[in-house]
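The values are calculated or read from the model by the stated rules, or taken from the named source; none is laboratory data. Just so it is clear, the structure is predicted and the values come from calculations on it, not from any experiment. Here the Cβ positions follow ideal geometry from the backbone for every residue, glycine too, while neighbour counts run over all protein chains shown.
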Amino acid sequence: MNILDSIIQRKKEEISVAKSHISIQQLKDSEFFGKEKFSLKQNIKDKNGIIAEFKRKSPSKGIINNQSSPLEVVSAYENFGASGISILTDKDFFGGNFEDILNVRNHINIPILRKDFMVDEYQFYEAKSIGADVVLLIASCLSHQQVQEFTALAHELGMEVLLEIHTEEELNHFNLEIDLVGINNRNLKDFKVDLQHSVQLKNQLPKGVLSIAESGIYSIENFKYLTEQGFDGFLMGEYFMKNKNPDKAFEEFISNTI
Ligand SMILES: O=C(O)c1ccccc1NCC(=O)[C@H](O)[C@H](O)COP(=O)(O)O
(Lines give C-alpha, C1' and ligand atoms only; values in the text may rest on other atoms or scores of the structure.)
Protein backbone atom coordinates (compact mmCIF):
# COMPACT_ATOMS: atom_id res chain seq x y z
CA MET A 1 0.00 0.00 0.00
CA ASN A 2 1.45 3.43 -0.92
CA ILE A 3 1.01 6.60 1.16
CA LEU A 4 -1.95 7.80 -0.88
CA ASP A 5 -3.77 4.49 -0.32
CA SER A 6 -3.12 4.80 3.44
CA ILE A 7 -4.38 8.39 3.51
CA ILE A 8 -7.57 7.45 1.64
CA GLN A 9 -8.21 4.42 3.83
CA ARG A 10 -7.89 6.55 6.97
CA LYS A 11 -9.99 9.33 5.40
CA LYS A 12 -12.90 6.93 4.82
CA GLU A 13 -12.80 5.91 8.50
CA GLU A 14 -12.80 9.57 9.59
CA ILE A 15 -15.75 10.38 7.33
CA SER A 16 -17.77 7.52 8.71
CA VAL A 17 -17.20 8.78 12.29
CA ALA A 18 -17.95 12.38 11.28
CA LYS A 19 -21.24 11.34 9.67
CA SER A 20 -22.33 9.59 12.85
CA HIS A 21 -21.76 12.81 14.85
CA ILE A 22 -22.90 15.65 12.55
CA SER A 23 -25.67 15.43 9.97
CA ILE A 24 -25.64 17.20 6.60
CA GLN A 25 -28.53 19.33 7.87
CA GLN A 26 -26.39 20.48 10.82
CA LEU A 27 -23.60 21.37 8.39
CA LYS A 28 -26.09 23.34 6.30
CA ASP A 29 -27.17 25.26 9.40
CA SER A 30 -23.64 26.49 10.16
CA GLU A 31 -22.56 30.15 10.08
CA PHE A 32 -20.61 30.02 6.84
CA PHE A 33 -22.92 27.86 4.74
CA GLY A 34 -24.87 30.69 3.13
CA LYS A 35 -22.00 33.16 2.93
CA GLU A 36 -20.79 34.69 -0.31
CA LYS A 37 -17.76 33.04 -1.87
CA PHE A 38 -14.49 34.45 -3.14
CA SER A 39 -13.43 33.28 -6.61
CA LEU A 40 -10.00 31.71 -6.94
CA LYS A 41 -10.40 31.55 -10.70
CA GLN A 42 -10.86 35.34 -10.82
CA ASN A 43 -8.07 36.01 -8.32
CA ILE A 44 -5.58 33.88 -10.25
CA LYS A 45 -6.18 36.22 -13.19
CA ASP A 46 -6.26 39.45 -11.15
CA LYS A 47 -3.47 38.94 -8.59
CA ASN A 48 0.00 37.34 -8.42
CA GLY A 49 -1.19 33.78 -9.07
CA ILE A 50 0.21 32.31 -5.87
CA ILE A 51 -1.92 30.00 -3.75
CA ALA A 52 0.07 30.13 -0.55
CA GLU A 53 -0.34 27.20 1.81
CA PHE A 54 -0.48 26.83 5.57
CA LYS A 55 1.14 23.45 6.21
CA ARG A 56 2.46 22.00 9.51
CA LYS A 57 3.80 18.65 8.39
CA SER A 58 3.67 16.25 5.47
CA PRO A 59 4.30 12.60 4.69
CA SER A 60 7.31 13.53 2.53
CA LYS A 61 8.98 16.01 4.92
CA GLY A 62 7.69 15.25 8.44
CA ILE A 63 7.35 18.34 10.67
CA ILE A 64 7.77 21.55 8.66
CA ASN A 65 6.47 24.14 11.10
CA ASN A 66 4.46 23.50 14.25
CA GLN A 67 5.01 26.95 15.79
CA SER A 68 3.41 29.50 13.50
CA SER A 69 -0.09 30.88 13.94
CA PRO A 70 -2.44 30.34 10.98
CA LEU A 71 -3.90 33.85 11.24
CA GLU A 72 -0.53 35.59 11.31
CA VAL A 73 0.71 33.59 8.32
CA VAL A 74 -2.36 33.80 6.10
CA SER A 75 -2.83 37.51 6.84
CA ALA A 76 0.66 38.13 5.46
CA TYR A 77 -0.14 35.93 2.47
CA GLU A 78 -3.16 38.14 1.77
CA ASN A 79 -1.38 41.45 2.50
CA PHE A 80 1.46 40.68 0.10
CA GLY A 81 -0.83 39.79 -2.77
CA ALA A 82 -1.55 36.04 -2.76
CA SER A 83 -4.39 35.03 -5.09
CA GLY A 84 -5.61 32.51 -2.57
CA ILE A 85 -4.83 30.52 0.55
CA SER A 86 -4.57 26.76 0.84
CA ILE A 87 -5.18 25.24 4.26
CA LEU A 88 -4.66 21.55 4.88
CA THR A 89 -7.46 20.10 6.98
CA ASP A 90 -6.18 16.53 7.22
CA LYS A 91 -5.13 15.84 10.81
CA ASP A 92 -3.25 12.54 10.87
CA PHE A 93 -0.90 13.08 7.94
CA PHE A 94 -0.65 16.90 7.77
CA GLY A 95 -1.45 18.11 11.32
CA GLY A 96 -4.34 20.23 10.06
CA ASN A 97 -7.87 20.72 11.33
CA PHE A 98 -11.09 22.60 10.55
CA GLU A 99 -10.33 25.30 13.14
CA ASP A 100 -7.42 26.47 10.99
CA ILE A 101 -9.97 27.60 8.41
CA LEU A 102 -12.73 28.60 10.83
CA ASN A 103 -10.38 30.84 12.82
CA VAL A 104 -9.19 32.84 9.82
CA ARG A 105 -12.27 32.91 7.58
CA ASN A 106 -13.71 36.13 8.95
CA HIS A 107 -10.34 37.88 8.86
CA ILE A 108 -9.30 37.45 5.25
CA ASN A 109 -10.94 38.43 1.99
CA ILE A 110 -9.33 36.09 -0.50
CA PRO A 111 -10.42 32.55 -1.41
CA ILE A 112 -9.57 29.59 0.81
CA LEU A 113 -8.90 26.17 -0.63
CA ARG A 114 -9.80 23.32 1.68
CA LYS A 115 -6.81 21.07 0.95
CA ASP A 116 -7.84 17.53 1.75
CA PHE A 117 -8.55 14.19 0.14
CA MET A 118 -12.13 14.38 -1.12
CA VAL A 119 -13.72 10.98 -1.60
CA ASP A 120 -17.27 11.42 -0.28
CA GLU A 121 -20.10 13.91 -0.87
CA TYR A 122 -20.27 14.60 2.87
CA GLN A 123 -16.89 16.35 2.75
CA PHE A 124 -18.24 18.97 0.34
CA TYR A 125 -20.89 20.00 2.88
CA GLU A 126 -18.15 20.07 5.54
CA ALA A 127 -15.97 22.26 3.33
CA LYS A 128 -18.80 24.73 2.76
CA SER A 129 -19.71 24.74 6.45
CA ILE A 130 -16.21 25.85 7.49
CA GLY A 131 -16.06 28.65 4.91
CA ALA A 132 -14.02 27.10 2.09
CA ASP A 133 -14.37 28.61 -1.38
CA VAL A 134 -12.53 25.93 -3.32
CA VAL A 135 -12.04 22.18 -3.02
CA LEU A 136 -9.34 19.95 -4.41
CA LEU A 137 -10.18 16.85 -6.45
CA ILE A 138 -7.20 14.51 -6.86
CA ALA A 139 -7.67 12.59 -10.10
CA SER A 140 -5.65 9.58 -8.94
CA CYS A 141 -8.11 9.01 -6.05
CA LEU A 142 -11.30 9.37 -8.11
CA SER A 143 -13.06 7.97 -11.15
CA HIS A 144 -13.94 10.17 -14.10
CA GLN A 145 -17.59 9.97 -13.05
CA GLN A 146 -16.82 10.96 -9.45
CA VAL A 147 -14.94 14.02 -10.71
CA GLN A 148 -18.02 15.04 -12.71
CA GLU A 149 -20.44 14.43 -9.85
CA PHE A 150 -18.27 16.10 -7.21
CA THR A 151 -17.72 19.11 -9.47
CA ALA A 152 -21.47 19.50 -9.93
CA LEU A 153 -22.00 19.25 -6.16
CA ALA A 154 -19.23 21.75 -5.38
CA HIS A 155 -20.77 24.21 -7.83
CA GLU A 156 -24.25 23.65 -6.43
CA LEU A 157 -22.85 24.57 -3.01
CA GLY A 158 -21.10 27.66 -4.42
CA MET A 159 -17.53 26.37 -4.40
CA GLU A 160 -14.96 26.13 -7.18
CA VAL A 161 -12.95 23.05 -8.09
CA LEU A 162 -9.22 22.58 -8.51
CA LEU A 163 -8.60 19.27 -10.28
CA GLU A 164 -5.15 17.84 -9.55
CA ILE A 165 -3.46 15.60 -12.09
CA HIS A 166 -0.01 14.08 -12.33
CA THR A 167 -0.07 11.66 -15.28
CA GLU A 168 -1.08 11.76 -18.91
CA GLU A 169 -3.91 9.27 -18.28
CA GLU A 170 -5.35 11.60 -15.66
CA LEU A 171 -5.91 14.26 -18.34
CA ASN A 172 -9.03 12.17 -19.11
CA HIS A 173 -10.53 13.31 -15.81
CA PHE A 174 -10.79 16.86 -17.12
CA ASN A 175 -14.20 18.19 -18.11
CA LEU A 176 -15.27 21.68 -19.12
CA GLU A 177 -16.96 22.37 -15.79
CA ILE A 178 -13.63 22.19 -13.90
CA ASP A 179 -12.50 25.66 -12.78
CA LEU A 180 -8.74 25.16 -12.51
CA VAL A 181 -6.32 22.33 -13.25
CA GLY A 182 -3.38 21.74 -10.94
CA ILE A 183 -0.42 19.74 -12.17
CA ASN A 184 1.37 18.17 -9.28
CA ASN A 185 5.14 18.34 -9.70
CA ARG A 186 5.38 15.74 -6.94
CA ASN A 187 4.52 12.11 -7.55
CA LEU A 188 2.43 11.26 -4.50
CA LYS A 189 3.44 7.61 -4.68
CA ASP A 190 7.20 8.07 -4.36
CA PHE A 191 7.50 11.86 -3.64
CA LYS A 192 9.81 12.51 -6.62
CA VAL A 193 9.56 16.08 -7.94
CA ASP A 194 9.87 16.65 -11.71
CA LEU A 195 9.12 20.10 -13.14
CA GLN A 196 9.79 19.01 -16.73
CA HIS A 197 7.14 16.33 -16.49
CA SER A 198 4.61 18.97 -15.35
CA VAL A 199 5.48 21.31 -18.20
CA GLN A 200 4.91 18.51 -20.71
CA LEU A 201 1.51 17.76 -19.19
CA LYS A 202 0.56 21.43 -19.09
CA ASN A 203 1.17 21.68 -22.81
CA GLN A 204 -1.46 18.98 -23.35
CA LEU A 205 -4.24 20.86 -21.54
CA PRO A 206 -6.99 22.39 -23.66
CA LYS A 207 -6.32 26.05 -24.54
CA GLY A 208 -7.72 28.58 -22.11
CA VAL A 209 -7.70 26.29 -19.05
CA LEU A 210 -6.17 27.95 -15.98
CA SER A 211 -3.15 25.86 -15.00
CA ILE A 212 -1.60 25.71 -11.54
CA ALA A 213 1.88 24.31 -10.88
CA GLU A 214 1.65 22.47 -7.57
CA SER A 215 4.25 21.36 -5.02
CA GLY A 216 8.02 21.14 -4.93
CA ILE A 217 8.63 24.77 -5.93
CA TYR A 218 11.76 25.08 -3.85
CA SER A 219 13.47 28.17 -5.25
CA ILE A 220 12.97 31.48 -7.03
CA GLU A 221 14.54 29.82 -10.10
CA ASN A 222 11.90 27.04 -10.02
CA PHE A 223 9.16 29.68 -9.80
CA LYS A 224 10.60 31.77 -12.62
CA TYR A 225 11.02 28.70 -14.81
CA LEU A 226 7.38 27.63 -14.32
CA THR A 227 6.23 31.21 -14.95
CA GLU A 228 8.16 31.27 -18.22
CA GLN A 229 6.53 27.98 -19.18
CA GLY A 230 3.14 29.67 -18.98
CA PHE A 231 1.62 28.41 -15.73
CA ASP A 232 -1.11 30.77 -14.50
CA GLY A 233 -0.81 29.90 -10.82
CA PHE A 234 1.49 28.27 -8.26
CA LEU A 235 0.58 26.28 -5.16
CA MET A 236 3.40 26.65 -2.66
CA GLY A 237 3.63 25.51 0.95
CA GLU A 238 6.95 24.25 2.23
CA TYR A 239 9.03 27.07 0.70
CA PHE A 240 7.33 29.55 3.06
CA MET A 241 6.38 27.30 5.97
CA LYS A 242 9.88 25.87 6.56
CA ASN A 243 10.94 29.32 7.83
CA LYS A 244 10.53 30.39 11.43
CA ASN A 245 8.50 33.32 10.07
CA PRO A 246 6.59 32.18 6.98
CA ASP A 247 5.01 35.66 6.78
CA LYS A 248 8.42 37.29 6.30
CA ALA A 249 9.49 34.54 3.89
CA PHE A 250 6.44 35.25 1.75
CA GLU A 251 7.06 39.00 1.77
CA GLU A 252 10.68 38.48 0.75
CA PHE A 253 9.74 36.03 -1.99
CA ILE A 254 7.26 38.51 -3.45
CA SER A 255 9.75 41.37 -3.37
CA ASN A 256 12.28 39.19 -5.26
CA THR A 257 9.95 37.82 -7.90
CA ILE A 258 6.85 39.84 -8.71
O1 LIG B 1 3.40 17.14 0.70
C2 LIG B 1 3.38 15.89 0.76
O3 LIG B 1 4.32 15.22 1.24
C4 LIG B 1 2.19 15.13 0.29
C5 LIG B 1 2.20 13.74 0.38
C6 LIG B 1 1.10 13.00 -0.01
C7 LIG B 1 -0.03 13.63 -0.49
C8 LIG B 1 -0.05 15.03 -0.58
C9 LIG B 1 1.04 15.77 -0.20
N10 LIG B 1 1.04 17.14 -0.26
C11 LIG B 1 -0.14 17.93 -0.39
C12 LIG B 1 0.05 19.10 -1.22
O13 LIG B 1 -0.72 19.26 -2.11
C14 LIG B 1 1.13 20.09 -0.97
O15 LIG B 1 1.07 20.44 0.37
C16 LIG B 1 1.03 21.37 -1.80
O17 LIG B 1 0.97 21.10 -3.15
C18 LIG B 1 2.25 22.28 -1.52
O19 LIG B 1 3.43 21.57 -1.76
P20 LIG B 1 4.85 22.12 -1.27
O21 LIG B 1 5.03 23.49 -1.83
O22 LIG B 1 5.85 21.16 -1.79
O23 LIG B 1 4.79 22.16 0.22
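Summary table
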item	result
Contacts under 6 angstrom Cβ, first residue in region 1-15 being more than 21 Å from N184 (Cα to Cα), partner more than 11 Å from the ligand (Cβ to nearest atom), 6 or more apart	R10/D92; I15/D120; I15/Y122
Given (1) away from the ligand (no atom under 16 Å from the Cβ); (2) at pLDDT below 95, index of the condition L188 fails	(1)
Tally of residues being away from the ligand (no atom under 13 Å from the Cβ) and crowded, with 18+ Cβ neighbours inside 10 Å across region 83-97	1
Residue match in region 222-232 (condition: within 17 Å of L162 (Cα to Cα) and in contact (Cβ under 8 Å) with a residue 24 or more places away in the chain)	yes
Hits in region 219-240 - residues which are within 11 Å of the ligand (Cβ to nearest atom), within 17 Å of the chain's Cα centre (by Cα) and surrounded by fewer than 20 Cβ atoms within 10 Å (Cβ to Cβ)	E238
Checking N256 against (1) within 14 Å of the ligand (Cβ to nearest atom); (2) in a helix (DSSP H, G or I), the condition it does not meet	(1)
Breaking point among (1) within 20 Å of I7 (Cα to Cα); (2) away from the ligand (no atom under 13 Å from the Cβ), for S75	(1)
